[in-house]
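Read the structure below first, then the notes.
The values are calculated or read from the model by the stated rules, or taken from the named source; none is laboratory data. Worth saying up front: this structure is predicted, and the values here are computed from it rather than measured. Quick reminder, even Gly has a Cβ in these numbers, built from the backbone with ideal geometry, and neighbours come from all protein chains shown.
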């Protein structure tokens, strides 16, 4: 089975629609969402509705939890806090109910799905170093764990040592039978790897291949919607730079 993976949508409906269409065209039979449906962008309710309709599994992200008022936003930067407050006021009862029911971690088709990290997922830890990756491999027993959170697509392999593989774009990467993996699928709605294109991925449970997709979408249209919503200008401008 080919599974589509999306994460960190951040209320960017145009990017989400583009990713969903691409993953279906790539033959994905299911789509899963690794969290952060909302935050930063102008279309939180529409994104929640699309995820609820399209995704077989959805994981809770820290921005989702923050918008529900269940996470202290003290460590957020000023733009994230402003967007969180705006999102909390914009969410419908139906959207809030959906977000409130989301789990922190799920085992699905023998792969682990979390938003930030498998070890204590409620801590929202960023996996940004080899030392942290080594620690996080202790947090799950499965061969593969998919994550988001940092908005930086990468493949981390654990065999005799921890290795970092640059995620090839639009090319299948073959996972080794003798290794375990933590794979960050990047961000649909707010990439931060200096590539402004939406990121998503698919995983084939039979061939054990994974593929990162990068997709152009209507960034200018989303930027205008951010400005029209009264959200900070910076949240619009950063989309053009992928950072």
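Among the residues of the range 200-219, which ones are within 14 Å of residue 15 (Cα to Cα) and touching a helix residue (DSSP H, G or I) at 6+ places or on another chain (Cβ under 8 Å)?
200, 213, 215, 216, 217, 218, 219
Need pairs with beta-carbon distance below 6 Å; first residue in contact (Cβ under 8 Å) with a residue 12 or more places away in the chain and at positive phi and within the range 175-193, second surrounded by 17 or more Cβ atoms within 10 Å (Cβ to Cβ) and assigned to a loop (DSSP other than H, G, I, E, B); sequence gap 6+ or separate chains.
186/153
With the structure loaded, tell me whether residue 65 is touching a helix residue (DSSP H, G or I) at 6+ places or on another chain (Cβ under 9 Å), surrounded by fewer than 16 Cβ atoms within 10 Å (Cβ to Cβ) and over 21 Å from residue 203 (Cα atoms) or whether it fails that test.
Details: touching a helix residue (DSSP H, G or I) at 6+ places or on another chain (Cβ under 9 Å): yes; surrounded by fewer than 16 Cβ atoms within 10 Å (Cβ to Cβ): no; over 21 Å from residue 203 (Cα atoms): yes.
Answer is no for this residue.
Identify, by number, the condition in (1) at pLDDT 95 or above; (2) within 18 Å of residue 83 (Cα to Cα) that residue 204 doesn't meet.
The one condition residue 204 does not meet is (2).
Of all the strands (runs of 3 or more DSSP E) wholly in the range 170-243, which have at least 3 residues that are surrounded by fewer than 23 Cβ atoms within 10 Å (Cβ to Cβ)?
Passing ranges, in order: 172-174, 209-215.
Restricting attention to the range 68-98, which residues are surrounded by 16 or more Cβ atoms within 10 Å (Cβ to Cβ) and part of a loop (DSSP other than H, G, I, E, B)?
68, 71, 73, 76, 91
Can you tell me which residue in the range 144-169 is farthest from residue 76 (Cα to Cα), limited to those that are without any contact (Cβ under 8 Å) to a residue 40 or more places away in the chain and assigned to a loop (DSSP other than H, G, I, E, B)?
160
Among the residues of the range 25-35, is there at least one that is surrounded by fewer than 24 Cβ atoms within 10 Å (Cβ to Cβ), part of a helix (DSSP H, G or I), touching a residue at least 12 places away in the same chain (Cβ under 8 Å) and in contact with a helix residue (DSSP H, G or I) (Cβ under 8 Å, 6 or more places away or on another chain)?
no
Scanning for something farther than 22 Å from residue 185 by Cβ, at pLDDT 95 or above and either out of contact with any strand residue (DSSP E or B) (no Cβ under 6 Å at 6 or more places or on another chain) or surrounded by 13 or more Cβ atoms within 10 Å (Cβ to Cβ) (or both), does the range 99-110 turn up at least one residue?
Yes, there is a match, as at least one residue in the range 99-110 is farther than 22 Å from residue 185 by Cβ, at pLDDT 95 or above and either out of contact with any strand residue (DSSP E or B) (no Cβ under 6 Å at 6 or more places or on another chain) or surrounded by 13 or more Cβ atoms within 10 Å (Cβ to Cβ) (or both).
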